[in-house]
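Written below as structure tokens is the structure these notes are about.
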Amino acid sequence: MGKQLYAVIGLGRFGTSVAERLYDAGQEVMGIDINEERVQDAEMVVTHAVVADTTEEEALMSIGIRNFDAVIVAIGNDMQSSILTVLLLKELGVKKVIAKALSKNHGLLLDKIGADWIIYPERDMGERVAHQLLSPNVLNFIELSKEYNIEEIRIPLSMTEKSLRELDVRAKYNLSVIAIVSDGEIIVSPSPEQIIHKGDMLVVIGNREDLTVFSNLK
Ligand code: ADP
């Protein structure tokens, strides 16, 4: 991916962490906050940091907000400011607006006014923690839909030193192995003859219930 231009509005914990990660990945990142202290604190981790009230159209215009590839609205508790900011961004024609919602109603409103992607950091993180507690062998997962996940699962001892063909995960557990992570190396589309060693992880795709059964094998 080439260099993209991002703006992060609201330099609290969430916004700063998004901005810092993007900047570390070599992207152009402008950090924006109404609070001067927050802007100063963020200066080291973004390309530019500016003080602005993003509920004011002129402020957004003078930043040239339309030129950004994506704008992340990370304003937290001040729901009114978050909504107004997103509304203005969409009115000004920003293509991709990503907004953080603190509650379901906040999220519904953001959706109504045209936010392109709504994030619920606390709800999602809570779900992840619960998921990880319920399935300790699952190291990572991606939710594809309500029913399907991709999960990175630590292989149970009883299944080690066998080939994928012998394990026959597809027939026995209704799951497809898309990769193996072995010693930090990733083997994509592994062959049926591939031997699974102790400590390896399988990246599998399938129904959540089937994944739960598989990740709880001993
Ligand atoms: P977190 O929970 O991620 O730390 P906060 O609610 O503490 O989030 O941070 C939100 C940030 O958004 C604050 O730094 C606040 O100053 C900023 N903010 C709030 N309203 C505006 C606004 N109208 N324009 C720009 N920044 C704003």
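Distance cut-off 19 Å, Cα to Cα: go down the list 3/90; 90/112; 112/146; 3/112 and report the pairs above it.
Working: 3/90 23 Å; 90/112 11 Å; 112/146 22 Å; 3/112 30 Å.
As for pairs spanning more than 19 Å Cα to Cα, those are 3/90; 112/146; 3/112.
Tally Lys and Arg at +1 and Asp and Glu at -1 over the other residues with C-beta under 9 Å from the C-beta of residue 149: what net charge comes out? Working shown, then result.
Values: positive: 208; negative: 143, 147, 151.
Local charge sum for residue 149: -2.
Below 19 Å, Cα to Cα, which aspartates and glutamates can residue 162 reach? Residues fewer than 8 away in the same chain don't count.
Answer for residue 162, where 19 Å is the Cα cut-off: 152, 183, 185, 193, 200, listed by chain and number.
Go through 124-131, 108-115, 162-169 and give me the packing order, highest mean Cβ count within 10 Å leading. Could you put the intermediate results ahead of the total?
Working: 124-131: 11.8, 108-115: 16.8, 162-169: 15.1.
Ranking, from highest mean packing down: 108-115, 162-169, 124-131.
Long-range amide H contacts for residue 72: which residues qualify at under 5 Å (H placed 1.01 Å from N, peptide plane, sequence gap of 5 or more or a different chain)?
When sequence neighbours closer than 5 places are left aside, the close amide H contacts are 7, 8, 9, 98.
Can you pull the one-decimal nm distance between simple spin-label points at residue 13 and residue 143, each 7 Å off the Cα toward Cβ?
Taking the simple label geometry, residue 13 and residue 143 are separated by 2.1 nm.
Can you tally the net charge around residue 197? Count Lys and Arg as +1, Asp and Glu as -1, for every other residue whose Cβ sits under 15 Å from the Cβ of residue 197.
Values: positive: 154, 162, 198; negative: 161, 166, 183, 185, 193, 200.
In short, -3.
Once the piece of chain linking residue 158 and residue 213 is laid out straight, how much longer is it, given 0.36 nm per residue of separation minus the C-alpha distance between them? It would help to have the intermediate numbers written out before the result.
Details: separation 55, 0.36 × 55 = 19.80 nm, distance 1.46 nm.
So the extension gain works out to 18.3 nm.
Arrange the following residues from fewest to most other Cβ atoms within 10 Å of their Cβ: 23, 120, 6. Before the final figure, lay out each step's value.
Values: 23 19, 120 16, 6 23.
Fewest-to-most ranking of 23, 120, 6: 120, 23, 6.
Could you compute the net charge surrounding residue 176? Neighbours are other residues with a C-beta less than 11 Å from the C-beta of residue 176; K and R count +1, D and E count -1. Please report the intermediate quantities before stating the final value.
Numbers: positive: 170; negative: 210.
Its environment carries a net charge of 0.
So how do 82, 158 line up by other beta-carbon neighbours within 10 Å, fewest first? All intermediate terms of the calculation are to be shown ahead of the outcome.
Values: 82 26, 158 8.
Listed from fewest to most nearby Cβ atoms, that is 158, 82.
Apply the Karplus curve 6.51 cos²θ - 1.76 cosθ + 1.60, θ = phi - 60°, to the phi angles in the range 18-30 and return the couplings in whole Hz, x for Gly and Pro.
Rounded to whole hertz, the list is 5, 4, 5, 5, 5, 5, 4, 7, x, 8, 7, 10, 9.
Karplus couplings for the range 164-174 from phi (6.51 cos²θ - 1.76 cosθ + 1.60, θ = phi - 60°), rounded to Hz, Gly and Pro as x?
Listing the rounded values in order: 4, 4, 5, 5, 6, 4, 5, 6, 7, 10, 6 Hz.
For residue 96, which aspartates and glutamates qualify as cross-link partners when the Cα separation must be under 17 Å and same-chain residues fewer than eight apart are set aside?
Result set, ordered by chain and number: 28, 69, 111, 116.
Bear in mind that the values in this text are calculations on the coordinates, not laboratory data. Quick caveat, the model's predicted, so the values are computed rather than measured. Reconstructed Cβ throughout: ideal geometry from the backbone, glycine too, with neighbour counts over all protein chains shown.
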